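Please see the structure below; I have some questions.
The values are calculated or read from the model by the stated rules, or taken from the named source; none is laboratory data. Every value quoted in this text rests on a predicted model; they were computed, and no experiment measured them. Because the Cβ atoms are built from the backbone with ideal geometry, glycine has one as well, and the counts that use them run over all protein chains shown. Surface areas here come from the heavy atoms of the whole protein model, side chains and all, with no ligands, DNA or RNA. Shrake-Rupley method; radii C 1.70, N 1.55, O 1.52, S 1.80 Å.
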Amino acid sequence: MEYLYSTANLYASVWRAEVVRDRSEFQAVVDELKLEQPIWEPSGDKVDLSEGDNEDESGGSGEDDDKLKGELYKVDTSKLQPAQPQDFEKDDDLNFHIDFLTAATNMRSWNYDIKASARHTVKVTAGRIIPALATTTAMVCGLVDIEFAKLVLGLQSQGSDKFLNSNINLAAGSGNFTTFAPDPPVPISTGLDAPQPVSFTSWDRIDLSYKLNELSVEQLVTYLEKSFGVTVNRIFLHGDTEDRALYNALDKKKLDWAISFDEEGKVSVSEGVYTHWPQIRMAVQMLGRLPPTSGQRAMFKTQVEKVKVSLEQTKESFMKRFQGNVSDAYLQVYRPAEEGEKQDYFDAVFKGRDYLTLGVDCQTKEKDDITLPCVKYTF
């Protein structure tokens, strides 16, 4: 009851509603609600109690995050009531602050079989937090803001020695304050030879800005290949580990694949077709063995013709994406197919952002792997 009393009145203060200070009146309001403690029953689901390695495998946390983000983006902020911020004050016994802290602290203590704390003990402990916030925390925030100010001033163009790491230890009582230059970023080898860039760091990127006339995927591939003397295998969303891509050279090879019938009914199939549609190999072999008068030829020919239609649709889909804008290809590949929170969140982010960060998988003509910085493509 103490938790309900303090929490409800805190919410009332924040949203400028009338508080109920009379305990008996508050008790009567709660009794009228006829609140009941729900009976907990085990769900029967198996819970993975392992730590660390398997934490991200289920994907539950990510789905919950996307759901919450989707709900937040749907909120019409113009209809929200302004909140009234509450400044913490431990010495005001009428603001419900210490009452709430005491109730919340003791509820947690009861959960974990910890000794409960008296109200005056909580009040003293809470009073010690403010000095800590006003000293170490304030100093650290100030130092971080100084480094951010350097970024705003563009000092990063003058080298990393303009930026500092800081160390403060107030517990020692010596007032020791140390600043030192951060370690230089680790160079990453590209595998290219001069005059091409031979290395880069995680701070580097390839900036491409085409706000007036956006590049097609084909033009982007051509630009990267001519600029760095490489063969582009894939272009994908930077950091994406799934087998998705705006451009895949393996898909481009399918443009050279063909399935055809001659006048005698013999079928000719490019070898690459079998890697993608292995089920037609037997049909092609049977068409080569069966005589033209065999009634079974129609069945095998139908199988080959279905694959031929699928191949033509694959070519058409690739060319549409290949010759279309980069941003359209990104939407086609990465936009969630199902309507819901994930799609709403994706659309909101895409609408408010005018750039994409792209990764490039490429190699030299000698088949040596090349590593390039991420591409910031502004459109």
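Report the one residue of Ser199, Leu215, Gln81 whose Cα lies farthest in the direction of the positive end of the charge dipole of the chain (charges on C-beta: Lys and Arg +1, Asp and Glu -1; origin at the Cα centre).
Leu215
Once you put a point 7 Å from the Cα of Glu2 and another 7 Å from the Cα of Thr293, both along the Cβ direction, what distance in nm separates them?
Inter-label distance under the simple model: 10.1 nm.
Would you mind calculating the gained length between Asn111 and Glu214 on full extension (0.36 nm times residue separation, minus the Cα-Cα distance), in nm to one decimal? Walk me through the numbers before you get to the answer.
Numbers: separation 103, 0.36 × 103 = 37.08 nm, distance 5.86 nm.
The Asn111-Glu214 span can extend by a further 31.2 nm.
Give the span of the chain's Cα atoms along each principal axis, as three whole-Å numbers ordered largest to smallest.
Principal axes ranked by extent give 98, 62, 44 Å for the Cα atoms.
When all protein chains stay in place, what accessible area (Å², nearest 10, 1.4 Å probe) is found for Asp113?
The value for Asp113 is about 140 Å².
Might you report the magnitude of the Cβ-based charge dipole of the range 109-265 about its Cα centre, with Lys and Arg at +1 and Asp and Glu at -1, to the nearest 20 debye? Walk me through the intermediate numbers first.
Details: 14 positive and 19 negative charges, 306 e Å.
In total the dipole reaches around 1460 debye.
Would you please give the residues with an amide H less than 5 Å from that of Ile370, counting only those at least 5 places away or on a separate chain, with H modeled from the backbone geometry?
Amide H neighbours of Ile370, under 5 Å, 5+ apart: Cys362, Gln363, Thr364.
Under the definition of Cα pairs under 8 Å and six or more residues apart, what whole-number percent is the relative contact order of the range 268-379?
Working: 66 pairs, mean separation 15.4, N = 112.
Reported relative contact order: 14 percent.
I would also like to ask the following. If DNA, RNA and ligands are ignored and the probe is 1.4 Å, what is the ranking of Lys34, Lys253, Lys69 by accessible area, most exposed first?
On the way: Lys34 160, Lys253 125, Lys69 80 Å².
Largest accessible area first, the residues go Lys34, Lys253, Lys69.
Another question about this same structure. Using Cα pairs under 8 angstrom and six or more residues apart, how large is the relative contact order of the chain, in percent? Walk me through the intermediate numbers first.
Values: 376 pairs, mean separation 67.2, N = 379.
That works out to 18 percent.
Another question, if that's okay. If you fit an axis through the alpha-carbon atoms of helix 341-352 and take the longest principal axis of the Cα set of the chain, what angle between them do you get, 0 to 90°, nearest 10?
That works out to roughly 90 degrees.
Now for a separate question. How much net charge surrounds Phe318 when only the other residues with a Cβ under 15 Å from the Cβ of Phe318 are counted, with Lys and Arg +1 and Asp and Glu -1? Numbers along the way, then the final one.
Values: positive: Arg234, Arg244, Lys252, Lys253, Lys254, Lys315, Lys320, Arg321; negative: Glu218, Asp251, Asp256, Glu312, Glu316, Asp328.
With Lys, Arg at +1 and Asp, Glu at -1, the net is +2.
For the pair Ser260/Lys74, report the inter-label distance in nm, with labels modelled 7 Å from Cα in the Cβ direction.
Placing both labels 7 Å beyond Cα along the Cβ direction yields 5.4 nm.
Sticking with this structure for a sec: Taking the Cα centre of the chain as origin, work out the dipole magnitude from +1 charges on Lys and Arg Cβ and -1 charges on Asp and Glu Cβ, in debye rounded to 20. Present the calculation step by step, with values, prior to reporting the outcome.
Details: 42 positive and 61 negative charges, 243 e Å.
Using only the charged Cβ atoms, the result is roughly 1160 debye.
Right, next: What figure, in Å² to the nearest 10, do you get for the accessible area of Thr105 with a 1.4 Å probe and non-protein molecules left out?
Its heavy atoms expose roughly 60 Å² to the probe.
For the range 278-379, which semi-axes, largest first and in whole Å, follow from the square roots of 5 times the eigenvalues of its Cα gyration tensor?
Numbers: eigenvalues 367, 94, 24 Å².
Largest first, the range 278-379 gives 43, 22, 11 Å.
Could you please put His238, His120 in sequence from largest to smallest accessible area, using a 1.4 Å probe?
Details: His238 105, His120 125 Å².
Sorted by accessible area, descending: His120, His238.
Shifting gears a bit: Ordering Met139, Met282 from largest to smallest accessible area (1.4 angstrom probe), what's the sequence? Write out the running numbers ahead of the final one.
Numbers: Met139 80, Met282 125 Å².
Correct descending sequence by accessible area is Met282, Met139.
What does the extension gain come out to for Ala126 and Asn165, with contour length at 0.36 nm per residue minus their alpha carbon separation?
Working: separation 39, 0.36 × 39 = 14.04 nm, distance 3.08 nm.
Extra length from Ala126 to Asn165 when fully extended: 11.0 nm.
So how do 287-295, 321-329 stack up, highest first, on mean other-Cβ count within 10 Å?
Working: 287-295: 11.1, 321-329: 18.6.
In descending order of packing, they fall as 321-329, 287-295.
For Glu63 and Gln27 in the same chain, what is the full-extension length gain: residue separation times 0.36 nm, less their Cα-Cα distance, in nm?
Numbers: separation 36, 0.36 × 36 = 12.96 nm, distance 3.96 nm.
Result: 9.0 nm gained on full extension.
Which of Met286, Leu237, Ile168 sits closest to the plus end of the dipole of the chain, meaning its Cα is farthest towards the positive end, when Lys and Arg get +1 and Asp and Glu get -1 on the C-beta?
Going by the charge dipole, the pick is Met286.
Still on this model: Starting from one equal scatterer on each C-alpha and no solvent at all, send me the Debye-based log10 I(q)/I(0) for the range 82-151 at q = 0.18, 0.27, 0.29 Å⁻¹, two decimals.
-0.82, -1.12, -1.18
With every protein chain kept in place and ligands, DNA and RNA left out, what is the accessible area per residue of the chain? Probe 1.4 Å, answer in Å². Before the final figure, lay out each step's value.
Working: 26900 Å² over 379 residues.
It amounts to 71 Å² per residue over the chain.
Taking the Cα atoms only, what angle lies between the long axis of helix 119-132 and the longest principal axis of the chain, rounded to 10 degrees?
Once rounded, one gets 60 degrees.
Continuing with the same structure: Quick one: helix 2-14 against the long Cα principal axis of the chain, what's the angle to the nearest 10°, folded into 0 to 90?
80
For labels at Phe350 and Leu35 in the simple 7 Å Cα→Cβ model, what's the distance in nm?
4.4
Given the pairs Lys79/Lys342; Lys320/Lys376; Lys67/Lys162; Lys315/Lys376; Lys79/Lys150, which are separated by over 32 angstrom at their Cα positions?
Too far apart for the 32 Å limit: Lys67/Lys162; Lys79/Lys150.
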